1. Give me the three principal axis extents of the chain from the C-alpha atoms, as integers in angstrom, largest value leading.
2. Once both labels are modelled 7 Å past Cα along the beta-carbon direction, what's the Leu48-Val183 spacing in nm?
3. What are the ³J(HN,Hα) values, in whole Hz, obtained from phi via the Karplus relation 6.51 cos²θ - 1.76 cosθ + 1.60 with θ = phi - 60°, for each residue of region 392-401 in sequence order, with x given for Gly and Pro?
4. Can you give the calculated 222 nm mean residue ellipticity of the chain, where each DSSP H run of n ≥ 4 adds -39,500 (n - 2.57) and the sum is split over every residue, rounded to the nearest 500 deg cm²/dmol?
5. Just to be sure I understand the model, the point goes 7 Å from the Cα along the line to the Cβ. What's the resulting Trp251 to Thr99 distance in nm?
6. With 24 Å as the limit, write out which pairs from Lys13/Lys126; Lys142/Lys291; Lys158/Lys405; Lys158/Lys294; Lys13/Lys142 have Cα-Cα distances beyond it, or answer none.
7. Could you tell me what percent of the accessible area of the chain is made up of carbon and sulfur, with a 1.4 Å probe and every protein chain present?
8. Could you work out how far the C-alpha centroid of region 61-125 sits from that of region 288-322, in angstrom?
Amino acid sequence: MFVQLANLPSSLKQYFIITGNYWAFTLTDGALRMLVVLYFHQLGYGALAIAMLFLFYEIFGVITNLVGGWLGAQLGLNKTMNIGLGLQILALAMLCVPTDWLTVAYVMAAQALSGIAKDLNKMSAKSAIKYLVPQNSSGQSKLYKWVAILTGSKNALKGVGFFLGGVLLTLFGFVGALFTLIVLLSVAWVISLVFLKGDIGKAKNKPKFKTLFSKSRAINLLSTARLCLFASRDVWFVVALPVYLATQFNWNHTWVSGFMALWVIAYGLVQSQAPRITGQVITSGFNTVNKAYKWVALLCVVTGVLALLMQFNSAVNYTLIVGLFIFGGVFAVNSSLHSYLIVSFASSDGVSLDVGFYYMANAMGRLLGTVLSGWVFQLYGLVACLWVSVFLLIMAAIATAFLAKHEG
């Protein structure tokens with residue numbers, strides 16, 4: 001196996017190392033999220049309190065994406081990726097303390113470190129792919145395919161991480177589960193430190209700090225759409241859904257984490273196949289943006305129908321399960337188109353600046369969705385979360401329509 005890997009082209013070897021690195025991180029990140037939700041629900045925390053545990057995770061994700069893009073251009077993406085892995089190991093270790101230490105403030109601090117780690121790793125992985133494909137028409141189709149595989153497989157593994165978190169909590173308890181994740185991630189970190197090339201993504205012209213904010217109208221519009229898109233998912237997904245399944249369906253930890261895992265795995269598999277679903281050949285930015293607009297409009301309709309059926313208590317159990325899987329499939333295609341567009345739109349020198357700005361908007365969407373998920377669910381329930389999701393998707397569709405007009 002190692003001989004075959006050694007004989008591969010350099011760009012492909014680096015792609016495999018970056019992808020493996022991203023996979024390992026994502027597996028532990030998904031498991032940690034499920035561990036925190038289920039363990040603190042078990043301790044008696046309410047939905048809003050659990051959401052607050054992730055507040056710093058998302059806030060520092062916003063900051064990290066903005067500053068991380070500049071760091072990636074200054075230091076190289078290999079360094080920012082490896083720093084992310086090291087910080088995640090430290091964040092996991094911080095939670096391996098007696099239960100009495102696990103106050104809301106302490107857990108928020110550990111989650112802040114994890115948020116920095118996650119977005120350093122994510123920004124680095126997605127930016128690096130731009131440098132591994134030729135900048136021509138055939139390269140753009142390959143870029144779409146590689147981005148879809150990286151993003152889709154990452155989300156499938158995040159689903160496995162959700163399930164792993166629930167299983168490890170059941171088998172080994174909170175601290176035992178964390179130790180298992182630390183060992184797994186440490187192995188990936190060592191491999192990355194040894195084999196990842198040191199010059200990927202370092203800008204030829206060192207960017208000034210004031211260039212952090214994008215001046216491109218296309219990237220600003222795409223970032224706005226991304227913010228609304230991910231807020232529309234997390235408003236029901238992060239806190240509301242697992243708590244709803246535990247309290248209304250009376251599911252135990254394994255069932256809740258298993259369902260969340262299955263949903264994210266299915267979502268990731270669809271995402272990786274997005275080039276086949278939408279047509280892999282890329283002819284122009286306008287053509288791809290038009291596809292993104294049609295798919296986000298379809299997502300608005302799907303979510304609106306689901307919210308209506310839930311509002312009128314139409315076979316709630318079946319409606320919710322089937323509806324969320326349909327939502328996940330359509331959302332996956334939207335996300336994959338977006339992930340390609342930002343890498344395509346990003347400037348070649350210092351690509352991490354544009355990608356970092358875009359994923360800052362992504363993190364802001366997750367932050368908004370996370371807070372709304374706890375607050376809206378606690379006050380009004382899951383159906384209200386779905387209606388908020390519809391509103392956010394309409395905003396995403398409007399931003400994408402303006403982007404299509406701009407590109408046209």
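The values are calculated or read from the model by the stated rules, or taken from the named source; none is laboratory data. Predicted, not measured: the structure shown is a model, and the values here were computed from it. For neighbour counting, all protein chains shown are included, and Cβ atoms are generated from backbone atoms with ideal geometry for every residue, glycine included. Remember, those area values only see protein heavy atoms, side chains included, never the ligands or the DNA or RNA. Shrake-Rupley method; radii C 1.70, N 1.55, O 1.52, S 1.80 Å.
1. Ordered largest first, the chain gives principal extents of 54, 47, 43 Å.
2. Label-label distance for Leu48 and Val183, simple model: 4.1 nm.
3. Taking θ as phi minus 60°, the curve returns 5, 5, 4, 4, 5, 5, 5, 4, 5, 4 Hz for region 392-401.
4. On the way: 15 runs with 336 residues, N = 408.
Taken over the chain, the calculation gives -29000 deg cm²/dmol.
5. My value for the distance between the label points is 2.5 nm.
6. Details: Lys13/Lys126 16 Å; Lys142/Lys291 18 Å; Lys158/Lys405 35 Å; Lys158/Lys294 27 Å; Lys13/Lys142 16 Å.
Listed pairs above 24 Å: Lys158/Lys405; Lys158/Lys294.
7. Here carbon and sulfur together make up 70 percent of the probe-accessible area.
8. 34
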